[in-house]
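Student: Following this message is one structure expressed as structure tokens.
The values are calculated or read from the model by the stated rules, or taken from the named source; none is laboratory data. Fair warning: this is a prediction, and the values are worked out from it, not measured in the lab. Ideal geometry is used to build each Cβ from the backbone, glycine not excepted, and the neighbour counts take in all protein chains shown. Surface accessibility is based on the protein's heavy atoms, side chains included, excluding ligands, DNA and RNA. Shrake-Rupley method; radii C 1.70, N 1.55, O 1.52, S 1.80 Å.
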Amino acid sequence: MILQKKSMLIFSVFILGLAASFTFLSLAMQSIPMETANAIWTGIGTVGSGPVGFYFMRSQKVRNVYCLWRWCLVPQ
């Protein structure tokens, strides 16, 4: 029963996030070209999926990529 409630909460958060994402995309397309809005939206989704995979799904591959990025981008 607890697992069912947790799954339903996760699904609800996903649906709300999806609705917010499309709402903000449609608002952005009112002031910038569709190609630019789509590129930015896709980039944010790609970069944003990394922390979600690392923190919530405990993905080791994502952790390795972020450690590599940090090593390459942060001056020593």
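Student: Looking at 10, 15 in this structure, which one is at pLDDT 80 or above, within 18 Å of the chain's Cα centre (by Cα) and open to solvent by 80 Å² or more (accessible area, probe 1.4 Å)?
Tutor: Just one listed residue meets the conditions, 10.
Student: What do you reckon, is residue 41 surrounded by 10 or more Cβ atoms within 10 Å (Cβ to Cβ) and at pLDDT below 70?
Tutor: no
Student: Right, next: Of (1) open to solvent by 80 Å² or more (accessible area, probe 1.4 Å); (2) modelled with pLDDT under 85, residue 34 satisfies all except one. Which?
Tutor: Against the list (1) open to solvent by 80 Å² or more (accessible area, probe 1.4 Å); (2) modelled with pLDDT under 85, residue 34 comes up short only on (2).
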